[in-house]
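Okay, so here's the structure we're looking at.
The values are calculated or read from the model by the stated rules, or taken from the named source; none is laboratory data. Only a predicted model underlies this, so the values are computations on that prediction, with no experimental measurement involved. Note: ideal-geometry Cβ built from the backbone for every residue, glycine included; neighbour counts use all protein chains shown.
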Amino acid sequence: MTVGLLYDIGCQLKHSCHKWGFFEAPVLSCFEFAISVFHAYGHQWPCQVIYHPRKHKDFGMSDGEGCECLWSSLKLLISLLRVFSVRYCFIIFLFVSS
């Protein structure tokens, strides 16, 4: 099984995983690293060619910005959850169910 990782600095993440031994070689070989589409053009040319998700067949048309869209939609909950209590559960339920 291969796991695709789209990250703003996926090239540096791969390098760090190798350098610092975050994962054993068999586990690390199961990861496919790429850079989010909107961040790829800010990287050097060789980095763009190697880590752009459009250059990997398994990423399809994913742009790597899905989590950022999710966090953007959840930002309204930040102030509510800072002081979380039982009475806010209903508010959160209404937000999530809408």
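Observations, loosely collected:
- Answer residue from segment 26-39, given it is at pLDDT 85 or above and part of a helix (DSSP H, G or I) and is surrounded by the most Cβ atoms within 10 Å (Cβ to Cβ) among those: L28
- Residue check, F33 of a type outside the set (S, T, Y) and touching a Cys at 6+ places or on another chain (Cβ under 9 Å): yes
- Condition met for S73 (within 30 Å of I91 (Cβ to Cβ) and among the hydroxyl-bearing types (S, T, Y)): yes
- Looking only at residues in segment 40-72 that are under 12 Å from the mean Cα position of the chain (by Cα), surrounded by 13 or more Cβ atoms within 10 Å (Cβ to Cβ) and not charged (D, E, K, R), the one that is nearest to V96 (Cα to Cα) is G64.
- Segment 1-17 residues that are farther than 8 Å from I35 by Cα, paired with ones that are acidic (D, E) and surrounded by fewer than 17 Cβ atoms within 10 Å (Cβ to Cβ) (beta carbon under 8 Å, 6 or more apart): T2/D58; G4/D58
- Residue count for segment 45-87, restricted to those that are at pLDDT below 75, assigned to a loop (DSSP other than H, G, I, E, B) and more than 17 Å from L5 (Cα to Cα): 5.
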